[in-house]
Each structure stands twice: as structure tokens, then as C-alpha cells.
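Down below is the structure, laid out as C-alpha cells.
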Amino acid sequence: MRLLNARTRNPIVRFYLLKIHLLTLDRMMRGCTEHYVLTVETSIVSGGQFIPPARMKASVVGLIHTMLLDYVVTNITHLSFWALYARISMYWSNNIQKCDGMNDVINLHVPDHREPEGLSNIVALGNLMLFGTAILLPNEKADVLVEIETAKDFYLEFVESHSTRYAVHSDQPPEPYFYREALHFIRSLLHFAVIVSRFRVDVRNREVDLDKIVGTLQSDWTSRITFGEAPDWDELLVEAQRRANNMEEERDAFFFAPLPSDIVEL
């Protein structure tokens, strides 16, 4: 059991963050086991999956892993979750736009964009909306296209508003925060896609088409991104292939960029 001080302005959870780990390698819960889930914070639940704001980064990674790995990691592909995540992204952005400065209280269903961890979760979901559909088939994307495109609009409005109201300080290279996070997400997505392409076909029993993924990412960037220059896509793919050769790299670093050091109101 780990008990950590929580660095948040949320009046409900600002005292402590409690994490309890009961299952060990010799005490795994079998499938179909009746169990009870208790959350210590407000959480959205869909299809038995709990999606609290503080765990959105992990949820995003899990969805991408599921789409590329299929039944290696789960017994359902969660295609409906794309629409759910699009709605959550719109809900977050809409609520944040109503926030008036550093002292305003945030809805408990919405991460605090004025805190590094909260902003990181918002950006992870926003980048999923912007670029994650590169791993979807056309018919799958068509089912959720309207909601995802709308979520992109909401998120980009948030990016523009946040950039004019707050300065995000970081120990990372000096590129603007949202631009750097977008590139990190794309690098991570390509990295994982390269690894998967080397040992299996995807959920639709076809080989993972890296060229098509890169083409879709490039198209999404060109049509939507205005806060930074487009990267060299060939170079990104070569980098992903090089990184995939080093299986010793920390897997969590695939999608989790380092947190900002501070967020200051302008």
C-alpha cells in the first residue's frame, strides 16, 4: 500500500492519494470472478471500465494497445470507447472554458488544467482525438467520425485558450508544450505500431500497415495543427524502427511525457 501527498487544488482529494495493491503474481483474480470495485474519486463507468480523470493517460494507452494487440490483452476491442472518449474530451474542454482563473473550482469529473498532472491527462486525451484514429479501419472511423472531429475542435479551442492564459514551464526542450506533447504522442504511437508489426497481425487479421498509419498522421496534422511546424515523417518512422530495436527501453515512456514543472497564469 502506498500513501502519497496529492498535489492538487481539488478540495476533495487534495489531502491524500491512496493506492492499494492486493493482487500479486501468485494471487491473480481469475476470469468471471465476482468482485467489487471501490473508487476513491468521482469516476465515469462504461462497460465495467472505470475511467477516473486521474487515470486518463493510462486509459488512452490501454485503448491503443487494445486496438493493435486485440485479444492478446483483452476479451473485447472496446470500439465504442472512441465515441465515449470523444464525449469526455468535449465535456472537459467545455467545462474548462468556463473556468475563470487559478482560484475557480473545477468540476470533479474534469482534471485540473492548472496542475501538471491534470493538464497531462487532458492533453493525452486530446492527442488521442487528434491522432489516435490512424490505427482505425475506415468503417470503424466512420461510426465515430462526427464525434471525434467535434472533439478535435473542442480540444484545439482549449489549446488556444490555455496558451493565451497560462505559461507552462518544463525542464524539457524549449518547444511549446502542446506542440511537444503532440510530437511525443505521435512518436509513441509509431514506436508501438512498429513493435506490433514485427510479430503479429492486428485485430482485423491483416498486417499492421505502417505506411498507412504515417500517411493518416500526416493528413491529420496538415488538416488540423496550427501550433507548430509539421515534423519530418520519414525521419519519425526511421526513429520508431530504431527505438523498437532497443527492447530495454522503459515501456511507460512510450506515451507518458515528463510532466511540466509548473503552470503560471499570465
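Throughout, read-outs are computed from the coordinates displayed, never taken from laboratory work. Everything numeric in this text was worked out from a predicted model, so none of it was measured. Cβ atoms come from the backbone with ideal geometry, glycine included; neighbour counts cover every protein chain shown.
Worth pointing out:
- Here the extension length gained between Thr150 and Glu235 equals 27.6 nm, from 0.36 nm per residue of separation less the Cα-Cα distance.
- Protection proxy ranking of 215-223, 54-62, 81-89 - average other beta-carbon atoms within 10 Å, highest first: 81-89, 54-62, 215-223
- Shape call, the range 151-200: gyration tensor on alpha carbons, a/c limit 1.5: oblate
- Net length available on complete extension from Asn95 to Gln172 is 24.9 nm, with 0.36 nm assigned per residue and the Cα-Cα distance removed.
- In a fully extended conformation the segment linking Leu210 and Arg242 would gain 10.1 nm over its present Cα-Cα distance, using 0.36 nm per residue.
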